[in-house]
Amino acid sequence: MDSGIKVTLVNYTKKPLETVTWAALISYWEDWESGAFKRMAEKDVEMHLPRILGYGHESILEHAVLTFAIEGCSRVCSHQLVRHRLASYTQQSQRYIKLNPKDIEETFIIPESVKENPELYEKWKKLMREAIELYDESHKAGIHQEDARFVLPQAVRTKIVVTMNFRELKHFLGLRACERAQWEIREVAWKMLEEIAKNEELRPIIKWAKLGPRCIQIGYCPEGKLMPSGCWKRTKEKWKTLLSSKPTV
């Protein structure tokens with residue numbers, strides 16, 4: 001399934017793992033000082049960071065942030081995303097940007113469960129086509145897009161910039177990369193994780209901080225009887241495959 005959702009890691013804290021490690025060392029290194037940051041090397045990160053994170057000391061992860069661009073998700077998805085409050089968001093405005101009528105699939109997200117029912121699928125497309133046409137007609141009649149947008153379904157695609165520190169990202173992935181998460185935000189979560197895995201500088205933190213769904217973080221599925229059949233095995237395999245892929249950045 002190609003949902004058309006695109007996730008891109010566009011920026012992150014300079015020398016992120018060195019920053020986190022250097023910040024951690026202030027706790028117990030007597031000779032710690034600001035100038036030590038410039039001397040931080042990969043060997044220092046590898047020596048200290050996995051061990052410190054292994055102790056569960058995760059507040060240090062807040063010293064490095066990542067910024068993602070998410071394009072083509074629905075407003076259903078973005079409404080879930082912004083519930084994660086320890087993050088920063090800037091979203092495409094429907095008040096200032098006029099939505100241009102396009103192909104229904106380019107303008108709206110339609111779930112696969114609907115597409116599997118041909119009769120229902122046609123009704124969905126008809127309703128969405130009428131909504132976008134009424135929106136356009138209203139705008140041409142002098143109604144500003146800030147009011148015309150009231151007719152649009154939540155399925156309309158949007159764009160949003162998200163900045164999270166590593167600790168909040170871990171919390172987000174724990175909940176949203178889980179198989180029980182809603183399918184669209186789950187896709188966004190895994191694409192964010194894939195963006196990190198592509199980056200050679202960032203990649204080690206996936207394993208050291210156990211970035212992924214909660215079953216990866218704690219070693220078992222906390223959903224109990226709600227756990228989808230076979231999901232624990234599927235998730236472990238998916239996560240291991242992610243770690244075994246080669247960085248491209």
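Pull up the range 29-43, narrow it to residues that are in a helix (DSSP H, G or I) and within 21 Å of His57 (Cβ to Cβ), then point me to the one that is nearest to the chain's Cα centre (by Cα).
It comes out as Glu42.
Restricting to the range 1-28, what's the tally of residues that are part of a loop (DSSP other than H, G, I, E, B) and more than 19 Å from Glu201 (Cβ to Cβ)?
Matching residues across the range 1-28 total 8.
Looking at (1) at pLDDT 95 or above; (2) under 21 Å from the mean Cα position of the chain (by Cα), which is the only condition Ser138 fails?
So Ser138 meets the others, but not (2).
State all residues of the range 220-238 that are assigned to a loop (DSSP other than H, G, I, E, B) and open to solvent by 50 Å² or more (accessible area, probe 1.4 Å); if no residue qualifies, say none.
Those that are assigned to a loop (DSSP other than H, G, I, E, B) and open to solvent by 50 Å² or more (accessible area, probe 1.4 Å): Tyr220, Pro222, Met227, Ser229.
Mind counting the residues in the range 89-109 that are buried (at least 17 other Cβ atoms within 10 Å of the Cβ), of a type in the set (A, V, I, L, M, F, W, C) and in a loop (DSSP other than H, G, I, E, B)?
2
Among the candidates Glu133, Glu116, Glu137, Glu122, which residue alone is within 18 Å of Asp2 (Cα to Cα), open to solvent by 40 Å² or more (accessible area, probe 1.4 Å) and either touching a Cys at 6+ places or on another chain (Cβ under 8 Å) or not polar (S, T, N, Q) (or both)?
Glu116
Which residues, taken from the range 79-88, are open to solvent by 40 Å² or more (accessible area, probe 1.4 Å) and either touching a strand residue (DSSP E or B) at 6+ places or on another chain (Cβ under 7 Å) or of a type in the set (A, V, I, L, M) (or both)?
Of everything in the range 79-88, those that are open to solvent by 40 Å² or more (accessible area, probe 1.4 Å) and either touching a strand residue (DSSP E or B) at 6+ places or on another chain (Cβ under 7 Å) or of a type in the set (A, V, I, L, M) (or both) turn out to be Val82, Leu86, Ser88.
Restricting attention to the range 181-198, which residues are in contact with a Leu (Cβ under 9 Å, 6 or more places away or on another chain) and either under 26 Å from Val249 (Cβ atoms) or not in a loop (DSSP other than H, G, I, E, B) (or both)?
Ile185, Val188, Ala189, Trp190, Met192, Leu193, Glu194, Glu195, Ile196, Ala197, Lys198
Within the range 199-211, restricting attention to residues that are outside any loop (DSSP other than H, G, I, E, B) and open to solvent by 10 Å² or more (accessible area, probe 1.4 Å), which residue is farthest from Glu223 (Cα to Cα)?
Of everything passing the filter in the range 199-211, Pro204 is farthest from Glu223 (Cα to Cα).
Could you list all residues from the range 143-180 that are part of a helix (DSSP H, G or I), touching a residue at least 12 places away in the same chain (Cβ under 8 Å) and more than 29 Å from Asn11 (Cα to Cα)?
Of everything in the range 143-180, those that are part of a helix (DSSP H, G or I), touching a residue at least 12 places away in the same chain (Cβ under 8 Å) and more than 29 Å from Asn11 (Cα to Cα) turn out to be Gln145, Glu146, Ala148, Arg149, Val151.
What tally of residues in the range 47-86 results from selecting those that are under 30 Å from Glu112 (Cβ atoms) and of a type in the set (Phe, Trp, Tyr)?
So the count comes out to 1.
Within the range 186-198, identify whether any single residue is of a type outside the set (D, E, K, R), more than 16 Å from Met164 (Cα to Cα) and buried (at least 19 other Cβ atoms within 10 Å of the Cβ), and answer yes or no.
Checked the range 186-198: at least one residue is of a type outside the set (D, E, K, R), more than 16 Å from Met164 (Cα to Cα) and buried (at least 19 other Cβ atoms within 10 Å of the Cβ).
Sort out which residues of the range 39-64 are open to solvent by 60 Å² or more (accessible area, probe 1.4 Å) and modelled with pLDDT of 90 or more, and write them in order of number.
Scanning the range 39-64 gives Glu42, Lys43, Glu46, Met47, Arg51, Gly54, Tyr55, His57, Ser59, Glu62, His63.
The values are calculated or read from the model by the stated rules, or taken from the named source; none is laboratory data. As the structure is a computational prediction, the values presented were derived from the model and not from experiment. All Cβ positions, glycine included, derive from the backbone under ideal geometry; neighbour counts span all protein chains shown. Quick note on the areas: whole protein, heavy atoms, side chains included, nothing else; ligands and nucleic acids left out. Shrake-Rupley method; radii C 1.70, N 1.55, O 1.52, S 1.80 Å.
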